[in-house]
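The values are calculated or read from the model by the stated rules, or taken from the named source; none is laboratory data. This is a predicted model, so every value here is computed, not measured. In this analysis, Cβ positions are derived from the backbone assuming ideal geometry, glycine residues included, and neighbour counts consider all displayed protein chains. Calculation scope for accessible area: heavy atoms of the full protein, side chains included, ligands and nucleic acids excluded. Shrake-Rupley method; radii C 1.70, N 1.55, O 1.52, S 1.80 Å.
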Amino acid sequence: MPAARLARITCLLLFTLLAACGESGDPFGGSAGDAAAPSAASAGNDDAGHGEQVLNVYNWSDYIGPDTIANFERETGIKVNYDVFDSNEVLEAKLLAGHTGYDIVVPSASFVARQIKAGLFQPLDRMQLPHYNNLDADILHALATYDPDNVYAVPYMWGTTGIGYNVAQVTARLPGARLDTWGLLFDPDTVAKLADCGVALLDAPSETFPAARFALGLPASSTSVTDLGAAEAALSSIRPYVRYFHSSQYINDLANGELCVAMGWNGDVLQARARARDAANGNDIAYVVPREGALMWFDSMVIPKDAPHPANAHRFLDYLMRPEVIAAVSDAVHYANANAQATPLVSPAVRDDPAIYPDAQTRARLEAAAPTNPEFDRLVTRAWTRVKSGR
């Protein structure tokens with residue numbers, strides 16, 4: 001199947017999955033009116049003319065092209081201060097605290113809805129985004145489940161959460177075993193056999209508890225206290241064999257052979273594979289979407305309500321909407337982007353990789369993450385603390 005057609009079908013599936021996950025409640029106890037904010041053209045307008053040529057970006061680690069920022073700075077004269085995080089929980093805590101100083105942040109869609117209702121972002125000014133029409137209409141439609149009418153968020157990249165593993169190390173310890181299963185991480189007897197070569201989990205309860213529920217045959221987005229308890233018990237049972245919880249360190253550690261199994265995001269694992277190949281160190285890294293099912297997600301760029309340089313933020317967003325720019329980012333980070341015009345420009349090695357653009361059989365096992373509410377989130381936080389501490 002042509003890659004462009006495959007990407008289109010995947011996006012349609014993404015819409016179907018996300019539409020089923022919509023939630024009308026207000027997770028932060030606010031109202032639609034609470035989310036109203038001044039337009040980007042009038043809020044914090046110090047950079048709209050000849051103001052400060054600065055842009056402060058807070059993005060996921062390893063999630064931009066090697067020359068994307070430098071090229072933008074060279075073209076615009078705007079100095080970019082670029083910081084990174086590695087979990088939605090870390091980003092959300094900063095946003096809720098306020099006064100972050102950031103002009104652009106990159107939450108996942110499952111977090112965007114409640115953050116909009118909490119009034120954390122300012123609306124986009126489409127007049128400052130002449131390349132907006134390059135965005136994929138199906139992904140925009142899917143994002144509208146969380147951001148009605150696409151007022152606040154610009155879709156960036158999308159992908160899946162699965163398992164990365166070192167082929168030689170794992171097959172040596174599990175000869176003849178099926179590897180397309182969450183059992184690699186959640187079956188205590190299996191994980192015990194892999195502990196010596198290194199096992200890691202994401203430091204992200206919004207990802208790790210759903211994975212445990214997939215492994216148990218429970219609904220991934222369940223907010224049942226009973227199901228949460230079952231997932232916590234599953235995680236606690238394998239805790240003695242987990243080397244660490246981290247949401248970016250596993251990339252280099254897989255590439256260098258310091259880990260043999262890691263729960264991770266598809267593009268991160270594929271970056272590990274590419275680094276191992278570039279180093280010619282003999283580590284063959286594979287990525288799998290477990291047969292029990294896995295999360296599908298996508299990330300969006302938004303402008304915080306108190307962003308100091310909103311006009312510069314719009315310039316950066318529009319820059320990333322240029323097909324040749326975002327295609328180069330996809331080539332670097334090994335994630336599919338949300339720009340319909342960019343697909344033909346993405347390298348065939350990325351565009352035709354089923355780990356990046358999943359095939360029909362894999363897509364059938366994917367589920368979009370759903371928003372949760374503060375009460376349940378507090379239970380998850382306490383459960384996660386117990387899991388990580390081993391108590």
> Going by alpha carbons, how many degrees (0 to 90, nearest 10) lie between the helix axis of 205-216 and the longest principal axis of the chain?
Replying inline: 40 degrees
> Considering only protein heavy atoms, what is the solvent-accessible area of His246 at a probe of 1.4 Å, reported in Å² to the nearest 10?
Replying inline: 60 Å²
> How much of the accessible area of the stretch 126-213, probe 1.4 Å, is carbon plus sulfur, in whole percent?
Replying inline: 52 percent
> Between (1) 20.5, 65; (2) 21.6, 71; (3) 23.8, 97, which matches Rg and Dmax of the Cα atoms in Å calculated for the structure shown?
Replying inline: (1)
> Name the trypsin sites (Lys or Arg not before Pro) in the stretch 172-246 that are in a loop by DSSP and that have at most 11 other C-beta atoms within 10 Å, would you?
Replying inline: Arg178
> Roughly how much of Thr381 is accessible, in Å² to the nearest 10, using a 1.4 Å probe?
Replying inline: 80 Å²
> Measuring from centroid to centroid over Cα atoms, what is the spacing of the stretch 239-312 and the stretch 325-360 in Å?
Replying inline: 16 Å
> By how many degrees, 0 to 90 and rounded to 10, does the Cα axis of helix 310-320 deviate from the longest principal axis of the chain?
Replying inline: 60 degrees
>> Give me the extension gain from Asp187 to Ala233: residue separation times 0.36 nm, minus the current Cα-Cα distance, reported in nm with one decimal.
In response: 15.4 nm
>> Which residue fluctuates most in the GNM of the chain (Cα springs below 10 Å): Pro130, Pro304, Pro210?
In response: Pro130
> What is the helix-to-structure angle for 323-333, meaning the angle in degrees between its Cα long axis and the longest Cα principal axis of the chain, kept from 0 to 90 and rounded to the nearest 10?
Replying inline: 30 degrees
> Averaged per residue, what accessible area in Å² does the stretch 169-313 show with a 1.4 Å probe, protein chains only?
Replying inline: 34 Å²
